[in-house]
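Reading through the structure tokens given below for one structure.
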Amino acid sequence: MNSQEYIEVSMHITPFTEENAEILTAEISELPFESFAVEGEVLKCYIQKELYDAQTLKVVMSGLDYPDFTVQYSANLMPAVNWNAVWESQFTPIVVDGKCTIKASFHEGLKKTRFNITIDPKMAFGTGHHQTTFMMCRALLQNEEAVRGKVVMDMGCGTAILAILAAKMKASQVYGIDIDAVAAISAYDNARLNRVGTRIETYCGDASLLQRNSYDVFLANINRNILLQDIPTYAACIRKGGL
């Protein structure tokens with residue numbers, strides 16, 4: 001059982017917009033929050049109780065100064081939750097364009113598609129239900145010739161759905177990087193669960209790790225503000241004619 005007490009930090013943004021929520025998420029993402037969710041006009045941030053430092057959060061929040069919006073926040077202790085049971089109850093299989101099935105290890109008896117991916121997300125982001133993950137899978141499937149035999153980078157790999165799909169599409173080598181250690185470990189485990197672990201290497205870190213290699217295909221399904229910040233680094237490591 002995965003049972004853990006969490007602190008829920010509610011960020012009240014005035015005026016609320018999705019872009020303002022993204023900006024705030026990017027600013028506080030270096031704190032050890034495990035996940036973020038928007039509920040109504042509030043950004044909810046979740047962190048393990050033992051990792052929560054009220055003074056550090058206060059210092060970070062006091063240093064934020066935005067001309068277009070203001071933020072007030074509150075923190076509350078959540079009761080212990082079996083998070084694995086929660087995602088298991090909510091995780092239904094996904095089929096992308098009839099070609100790729102994304103499922104959990106407890107799903108049985110499903111009709112096989114060309115590419116079948118089994119993941120155990122644990123606390124890491126990425127079960128394929130998020131619209132951008134679905135769209136990225138679709139984009140990969142539409143560019144099979146660009147992937148086969150090539151070197152692929154999955155930046156912000158999460159549970160490694162995209163990396164695993166690229167490997168199953170016969171990429172010669174796939175790399176995954178995530179700034180979250182839980183995600184990097186989950187990606188490593190899921191690559192081996194799908195029997196493509198010998199062609200996928202996962203690392204915990206940021207864009208500074210990219211300089212060690214160059215890539216034919218570069219995937220980055222992550223926060224808009226991080227994309228804008230790191231695009232020059234991404235572009236510099238993509239091989240000529242890359243995707």
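If I stretch the segment between Thr70 and Ile238 completely, what's the gain in nm (0.36 nm per residue apart, minus their alpha carbon distance), one decimal?
Fully extending the segment from Thr70 to Ile238 adds 56.7 nm.
Excluding residues on the same chain fewer than 8 positions from Lys99, give the lysines whose Cα lies under 17 Å from its Cα.
Lys111, Lys112, Lys168, Lys170
On a straight-distance basis, which aspartates and glutamates could pair with Lys103 in a cross-link, Cα separation under 17 angstrom, same-chain partners fewer than 8 positions away excluded?
Glu88, Asp120, Asp189
Among (i) 0.95; (ii) 1.05; (iii) 1.38, find the value of Cα Rg over 2.2 N^0.38 Å that was calculated from the structure presented, and write down its label.
(ii)
Of the DSSP beta bridges with both residues in the chain, give the percent that are antiparallel, rounding to the nearest 5.
Close to 55 percent.
Roughly what angle does helix 131-141 make with the longest principal axis of the chain, taking Cα atoms, 0 to 90 degrees, to the nearest 10?
With both axes taken from Cα atoms, the answer is about 20 degrees.
Straight-line reach only, C-alpha to C-alpha below 24 angstrom: list the lysines that Lys49 could link to, leaving out same-chain residues fewer than 8 apart.
Counting by Cα, and skipping residues close in sequence, Lys49 has these lysines nearby: Lys58, Lys122.
Go through Gly205, Ala183, Phe218 and say which Cα lies farthest out towards the positive end of the charge dipole of the stretch 167-221; charges sit on Cβ, +1 for Lys and Arg, -1 for Asp and Glu.
Most positive-ward Cα: Phe218.
Could you work out [θ]222 nm for the chain from helices alone, using -39500 (n - 2.57) per DSSP H run of at least four and dividing by all its residues? Round to the nearest 500 deg cm²/dmol.
Result for the chain, helices only: -9000 deg cm²/dmol.
With every protein chain present, what is the per residue accessible area of the chain (1.4 Å probe, Å²)?
That works out to 53 Å² per residue.
Run the dipole for the stretch 1-83 about the Cα centre, Lys and Arg Cβ at +1, Asp and Glu Cβ at -1, nothing else charged, and hand back the magnitude in debye, nearest 20.
300 debye
The values are calculated or read from the model by the stated rules, or taken from the named source; none is laboratory data. Remember, it's a predicted structure, so these values are computed and weren't measured experimentally. Cβ sites come from the backbone with ideal geometry, for glycine too, and all protein chains shown count toward neighbours. Accessible surface is based on the protein model in full, side chains and every heavy atom, while ligands, DNA and RNA are left aside. Shrake-Rupley method; radii C 1.70, N 1.55, O 1.52, S 1.80 Å.
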